[in-house]
Amino acid sequence: MAERIGVYGGTFDPPHLGHLAIAERLVEAFALDRLLMVPAAIPPHKRGQTISSPFHRLAMLALATAESPRLYVSPIEVEPGATPYTVDTLRRLQQDQPEARLFFVMGADSFRDIHYWYQYEELLSRYSTIVAMRPGFPGEEATSWRELAGNLSARLQELVVDLRGGRRPTTEQMESQQIYLTDYVSVDVSATNIRLAVAEGRSLGDLVPLSVASYIEKYQLYSHA
């Protein structure tokens, strides 16, 4: 049986308990052998914004996932020669693991804008995609999958599998490339709010793992967010 590998890309500035809850739940629901947390070097949609060094973000992810046996950190997007495009990252990972099934994980807000992404049609048709809807997403309760996928072609819309309501994918559904809409996690944590809390001198409480909170304090990250 082919290995199932999740690929969870993002800024992770900082990684928080919401990220970890999504990752752990997807590992369980999709029976993933492992899930790679992939911090972006300079996300194309965030150029011009202040973002922590990718090396700080890699270090925090390593601390955050240390006790999770199926969660791994990949530096693939910060290595020399890497491009900022997700489809290129997935191609490289597939070349390294040609027999593996890749499941790309993205947020619902990014999915709504996916038609602006570089070679998004290849990304969605060649690799299975898991859309993780989080609490607080605008219109999360009333939004139909057709609204979320309204910018996609009819061919790509045919790949959508709506698993909202906590439904798990069937074995048959996972045998081919699909676009899965999920709402498994109810943890409402925002990296923006975490950075603001640090800048204001407030406790991070249960927003990030203790090891990540200690790292942020040691290196004085977000003190002037």
Computed for the chain: size of charge dipole around the Cα centre, +1 on C-beta of each Lys and Arg, -1 on C-beta of each Asp and Glu, debye to nearest 20, value 260 debye
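Rolling a 1.4 Å sphere over the protein heavy atoms, what is the accessible area per residue of the chain, to the nearest Å²? Please list the in-between numbers first.
Numbers: 11330 Å² over 225 residues.
That works out to 50 Å² for each residue.
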Taking only protein heavy atoms and a 1.4 Å probe, the highest-to-lowest accessible-area order of Ser128, Ser214 is Ser214, Ser128
Tilt, helix 54-64 to longest principal axis of the chain (alpha-carbon atoms), in degrees rounded to tens, equals 80 degrees
Given backbone amide H placed at 1.01 Å from N, residues whose amide H is under 5 Å from that of Ile51, ignoring those fewer than 5 places away on the same chain, are none
Ignoring ligands and nucleic acids, Thr83 exposes an accessible area, probe 1.4 Å, in Å² to the nearest 10, of 50 Å²
Using a 1.4 Å probe on heavy atoms of the protein chains only, the accessible area for Ile42 in Å², nearest 10, reads 100 Å²
CD proxy, 222 nm, the chain: helix-only mean residue ellipticity via -39,500 (n - 2.57) per DSSP H run with n ≥ 4, per residue, nearest 500, stands at -9000 deg cm²/dmol
What one gets for the chain as the Kirkwood radius, inverse of mean 1/r over different Cα pairs in Å, is 18.1 Å
Summed over the other residues with a beta carbon less than 12 angstrom from that of Leu163, with K and R at +1 and D and E at -1, the charge totals +2
If each part is reduced to its alpha-carbon centroid, the stretch 209-225 and the stretch 71-131 end up apart, in Å, by 28 Å
If one compares the long axis through the Cα atoms of helix 86-96 with the longest principal axis of the Cα atoms of the chain, the angle in degrees, nearest 10, works out at 80 degrees
Given unit charges at Cβ for Lys, Arg (+) and Asp, Glu (-), the dipole magnitude of the stretch 1-44 about its Cα centre in debye, nearest 20, is 40 debye
Any residue on another chain or 5+ positions along whose placed amide H is under 5 Å from the amide H of Tyr180 is listed here as Thr129, Ile130, Val131, Val161
Heavy-atom accessible area of Phe55, protein chains in place, probe 1.4 angstrom, given in Å² to nearest 10, is 140 Å²
Whole-Hz Karplus couplings 3J(HN,Hα) for the stretch 172-183, θ = phi - 60° and coefficients 6.51, -1.76, 1.60, Gly and Pro as x, run 5, 5, 8, 7, 9, 5, 9, 10, 9, 9, 10, 9
To the nearest 10 degrees, the tilt of helix 17-29 (Cα long axis) against the first principal axis of the alpha carbons of the chain is 30 degrees
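The values are calculated or read from the model by the stated rules, or taken from the named source; none is laboratory data. This is a predicted model, so every value here is computed, not measured. Every residue, glycine as well, gets a Cβ built from its backbone with ideal geometry; the counts of neighbours run over all protein chains shown. Surface areas here come from the heavy atoms of the whole protein model, side chains and all, with no ligands, DNA or RNA. Shrake-Rupley method; radii C 1.70, N 1.55, O 1.52, S 1.80 Å.
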